[in-house]
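The block underneath contains the structure these notes are about, expressed in structure tokens.
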């Protein structure tokens with residue numbers, strides 16, 4: 001059985017430059033005009049076999065809302081969110097990022113964009129959704145949360161309705177909304193991950209990161225009505241290190257939390273990640289052929305094609321829950 005590391009070793013030998021996403025084919029064509037190849041075997045067992053997949057452009061009536069979170073800062077959560085969005089857009093999905101990290105909003109830094117407005121500006125009569133929407137590379141749209149959500153409990157009913165009305169259009173603009181939350185267990189962070197239908201927890205093999213990741217898992221299991229939590233292990237040096245982390249967290253989650261935990265894959269430690277940040281460019285744009293980039297592409301495919309995805313609340317439900325949290 002082929003594993004993620006084996007597939008990556010083959011992929012890294014190929015030269016596959018990025019281009020703006022096209023509606024078809026679903027997978028980027030190989031060099032020389034050769035027929036498109038299916039994705040390498042994914043790291044999760046739920047991924048549907050290649051021969052059963054049928055990829056056609058679809059029109060969603062409701063976007064998938066995925067919160068990306070971590071137990072502690074510095075584990076690469078925002079980098080993953082941005083590059084995951086680009087990897088999905090490259091496949092042909094319409095993706096939007098909501099920067100909900102109120103303490104350290106860095107999505108615009110990683111994207112290399114500048115945001116003049118945030119969600120709070122939508123309360124002004126002359127500001128519309130298009131005014132706060134930033135267009136990033138590969139068609140990825142981005143909205144800065146600013147302090148709007150932090151003030152949500154103080155909004156009047158009229159202000160809540162104003163935000164709901166103006167943000168409702170996001171549903172028609174994106175197939176997937178990635179919410180980059182803050183790290184830890186602050187009230188605002190919990191609000192975001194409990195309002196989202198799906199949650200991706202990012203950790204590293206460091207003991208402190210694992211301890212904090214488990215704290216998030218415990219809080220989520222105690223407060224979430226319908227649990228859908230997946231994990232990505234970042235900054236690993238080899239496959240066995242990732243397997244050890246995943247196995248430990250899965251056993252702990254099943255034993256003490258009675259909650260399944262699915263792995264979406266791992267990402268190798270790679271200096272090109274920091275070099276891309278210094279350039280203020282996403283990794284998949286600056287260094288598309290590195291091992292870390294290939295890993296993120298595989299994680300993106302696991303998110304898109306791994307198992308069944310039921311949209312329970314969707315975008316409107318996400319907003320309703322978020323704006324009514326006390």
Out of curiosity, is residue 174 modelled with pLDDT of 90 or more and surrounded by 14 or more Cβ atoms within 10 Å (Cβ to Cβ)? yes
For segment 91-120, pairs from a residue that is on the phi > 0 side of the Ramachandran plot to a residue that is at pLDDT 85 or above and not in a loop (DSSP other than H, G, I, E, B), with Cβ under 9 Å and 6 or more apart or across chains, are 112/279; 112/285
Residue that is modelled with pLDDT of 85 or more, buried (at least 23 other Cβ atoms within 10 Å of the Cβ) and touching a strand residue (DSSP E or B) at 6+ places or on another chain (Cβ under 6 Å), where the choices are 68, 86: 68
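Using the structure shown, decide if residue 130 is surrounded by fewer than 24 Cβ atoms within 10 Å (Cβ to Cβ) and either in a loop (DSSP other than H, G, I, E, B) or in contact with a helix residue (DSSP H, G or I) (Cβ under 9 Å, 6 or more places away or on another chain) (or both).
Numbers: surrounded by fewer than 24 Cβ atoms within 10 Å (Cβ to Cβ): yes; either in a loop (DSSP other than H, G, I, E, B) or in contact with a helix residue (DSSP H, G or I) (Cβ under 9 Å, 6 or more places away or on another chain) (or both): no.
No.
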Here are the criteria: (1) at pLDDT below 90; (2) within 20 Å of the chain's Cα centre (by Cα); (3) under 22 Å from residue 274 (Cα atoms); (4) assigned to a loop (DSSP other than H, G, I, E, B). Tell me which single one residue 60 does not satisfy. (3)
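Taking residue 303 as the residue in question, decide whether it is touching a helix residue (DSSP H, G or I) at 6+ places or on another chain (Cβ under 9 Å) and either touching a residue at least 40 places away in the same chain (Cβ under 8 Å) or surrounded by 19 or more Cβ atoms within 10 Å (Cβ to Cβ) (or both). Talk me through it step by step, then tell me what you get.
Numbers: touching a helix residue (DSSP H, G or I) at 6+ places or on another chain (Cβ under 9 Å): yes; either touching a residue at least 40 places away in the same chain (Cβ under 8 Å) or surrounded by 19 or more Cβ atoms within 10 Å (Cβ to Cβ) (or both): yes.
Against the criterion (touching a helix residue (DSSP H, G or I) at 6+ places or on another chain (Cβ under 9 Å) and either touching a residue at least 40 places away in the same chain (Cβ under 8 Å) or surrounded by 19 or more Cβ atoms within 10 Å (Cβ to Cβ) (or both)), residue 303 qualifies.
For segment 177-198, which positions are assigned to a loop (DSSP other than H, G, I, E, B) and surrounded by fewer than 24 Cβ atoms within 10 Å (Cβ to Cβ)?
Filtering segment 177-198 for residues assigned to a loop (DSSP other than H, G, I, E, B) gives 184-186, 196-197.
Selection gives 184, 185, 186, 197.
Tell me the residue from 321, 271, 294 that is under 27 Å from residue 218 (Cα atoms) and either out of contact with any strand residue (DSSP E or B) (no Cβ under 8 Å at 6 or more places or on another chain) or in contact (Cβ under 8 Å) with a residue 60 or more places away in the chain (or both), please.
Values: 271 fails: under 27 Å from residue 218 (Cα atoms); 294 fails: under 27 Å from residue 218 (Cα atoms).
Of the residues listed, the single one that is under 27 Å from residue 218 (Cα atoms) and either out of contact with any strand residue (DSSP E or B) (no Cβ under 8 Å at 6 or more places or on another chain) or in contact (Cβ under 8 Å) with a residue 60 or more places away in the chain (or both) is 321.
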Among the numbered conditions (1) part of a helix (DSSP H, G or I); (2) surrounded by fewer than 19 Cβ atoms within 10 Å (Cβ to Cβ); (3) without any contact (Cβ under 8 Å) to a residue 40 or more places away in the chain, tell me where residue 225 comes up short. (1)
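Do we find that residue 201 is crowded, with 17+ Cβ neighbours inside 10 Å, touching a residue at least 60 places away in the same chain (Cβ under 8 Å) and assigned to a strand (DSSP E or B) in this structure?
On the way: crowded, with 17+ Cβ neighbours inside 10 Å: yes; touching a residue at least 60 places away in the same chain (Cβ under 8 Å): yes; assigned to a strand (DSSP E or B): yes.
Yes: the conditions hold for residue 201.
The values are calculated or read from the model by the stated rules, or taken from the named source; none is laboratory data. Owing to the predicted nature of the structure, the values given are computational and were not obtained by experimental measurement. Positions of Cβ are backbone-derived with ideal geometry, glycine not excepted, and every protein chain shown enters the neighbour counts.
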